Amino acid sequence: MPGLRPLSACRVLACCVAAGVVLAPAARAQEAPASVPAADGAAAPGFLSGLSQSSYLLGDAWGLRPLLGQYGVTFGLQEISEVLGNVTGGQRRGFDYDGLTEMSVGLDTQRAFGWYGGTFNVSALQIHGRDLSADNLLTLQTASGIEAERSTRLWEMWYQQRFLDDRLDVKVGQQSVDQEFMVSQNSSMFVNTMMGWPMVPSADMPGGGPAYPLSALGVRLRAHLADQWTLLSGIFSGSPGDKTYGDAQRENPSGTLFPLNVGTLVIAEIQYAFPSQGTMLIPGQPEALARTYKFGFWYDNEAFPDLADDTNGVSLASPASNGIARMHRGNWAVYAVADQMIWQDAAEPDHNLNAFIRPMGTPLADRNLVTFSVDAGLTLHEPFPHRDDDSFGIGMGYAHVSGQATALDMATALYTGAYTPLRGGETFAEATYQYEVTPWWQLQPDLQYVFNPGAGIANPTAPTTRVKNETVLGMRTTITF
């Protein structure tokens, strides 16, 4: 499908919204959408009955949903469609359509055959449309969390078992780590990819890491250490593709390769949450504002190529270079996540204001394209009276390119004499509004502005200039069947 031009984009957007009314699925607004919510059998009875109250377009699906629920089986189906386009900047201007269909099936082993604490889950993705960031923007921090290579692929397939009165649980199988690690609850409503799976792991982990639309074999352990404290840790295959480097989505287009010879990724984080689950509020005392803090790290033991020098210590840009990058053993980064409610309406608890910030970085500039990134923002729930399930958010993200990558730019300019801008940093700002049409249908207009796209790269269509700052407009529709 060729990129849509501005004149036709409005028509496509209208068709997209109209199709949402007829077809029907809210997922995480990034890059990495969350797993489809498990059905609980509580949907309104009868096909298409009670559409304004049901959480699903299909209601109880002719009674199938509650029937399967009796045997511990749940299924989910969700469709996200969006039209995004840049009206200023980029290597060209225009609009693209992209979409994601997510399907999942879960099994509660206790309901199914009396085995306490077990859950089996399998999910698949059907990704369609174009990629605006690759077609037009050339940004590091891509515009949408559902942008990916067009494919139909297995996403996750795992078994989870709870132990010790649910204070410990272990998950084994094919997992997408962005579903549990480095997660900010308040950033998840935004559209830009980096509000989901952040820039540092996206740029520095092999294949971009085992995050949407990718996953990797591994074992994850979660231990509730105390009322407010949780330890989350895991060990996974070092790359979601069958090679340490390259495009993992193309190397593993169906998601059915399970490579075990690509090193090991270890990730762990400690979490503090207040109020904790089960906390009792004391009558007559003001309710404490909710907050969650997380601190973590990841380490990958694979060999990583130097960004600027070859095996002889000569610049890769030099004619004298052998063209073989010097290799470095291992890679790591640290991160923190803070979600804090900063105001709550005493008369209407759903009306509240929240802040989030998520910095992360690594000192290893020789092997990492991005050495520091941060995203932050504010979210306001119930921005207008009687709109309990609407949310408004403003946020930003920044990515800093490593000094070694800048050194390669300098050497390239020196040896070739061609115009080669020195990369530095890229910043985006985003404003978005989630409007709930019905519990099963959301509309989300979105506005993004990107400063110094690609951290200051040359424009391929005008090689003597940088890619200019970009204004990105769009609309997302999310429907849960």
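The numbers here are math on the coordinates, done by the rules we state, and not lab data. Everything numeric in this text was worked out from a predicted model, so none of it was measured. In this analysis, Cβ positions are derived from the backbone assuming ideal geometry, glycine residues included, and neighbour counts consider all displayed protein chains.
Tabulated data for the structure shown
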| quantity | calculated |
| --- | --- |
| Mean separation of Cα contacts under 8 Å, 6 or more apart, over the residue count of region 157-271: relative contact order % | 24 percent |
| Cα-Cα pairs of region 83-142 separated by more than 16 Å (percent) | 62 percent |
| Karplus 3J(HN,Hα) series, Hz, for region 341-351 with 6.51 cos²θ - 1.76 cosθ + 1.60 (x for Gly, Pro) | 6, 10, 7, 9, 5, 4, 8, 9, x, 5, 8 |
| CD proxy at 222 nm, helix term only [per DSSP H run n ≥ 4: -39500 (n - 2.57); per residue of the chain; nearest 500] | -3000 deg cm²/dmol |
| Amide H partners (placed H, <5 Å) of G90, local residues excluded | K468 |
| Taking F304, F75, F274 and counting other C-beta atoms within 10 Å, the order from fewest to most | F274, F75, F304 |
| Inter-centroid distance (Cα atoms) of region 137-160 relative to region 63-80, Å | 24 Å |
| Order of V170, V262, V370 under a 10 Å beta carbon neighbour criterion, fewest first | V170, V262, V370 |
| Mean-position separation - Cα centroids, region 294-333 and region 211-225, in angstrom | 27 Å |
| Region 230-276 and region 100-119: distance between their alpha carbon centers, rounded to Å | 22 Å |
| Principal axis dimensions, the chain - Cα atoms, whole angstrom, descending | 72, 54, 48 |
| Karplus (6.51, -1.76, 1.60) ³J(HN,Hα), θ = phi - 60°, over region 356-371, in Hz, Gly and Pro reported as x | 9, 8, 9, x, 7, x, 9, x, 8, 6, 6, 10, 10, 5, 10, 9 |
| Computed over region 356-440: relative contact order in percent, which uses C-alpha pairs under 8 Å that are six or more apart | 28 percent |
| Nonlocal amide H pairs with L217, under 5 Å, H built at 1.01 Å | Q175, S237 |
| Residue order, fewest to most beta carbons within 10 Å, for S373, S402 | S402, S373 |
| Three-way shape label, region 167-272, alpha-carbon gyration tensor, a/c 1.5 | oblate |
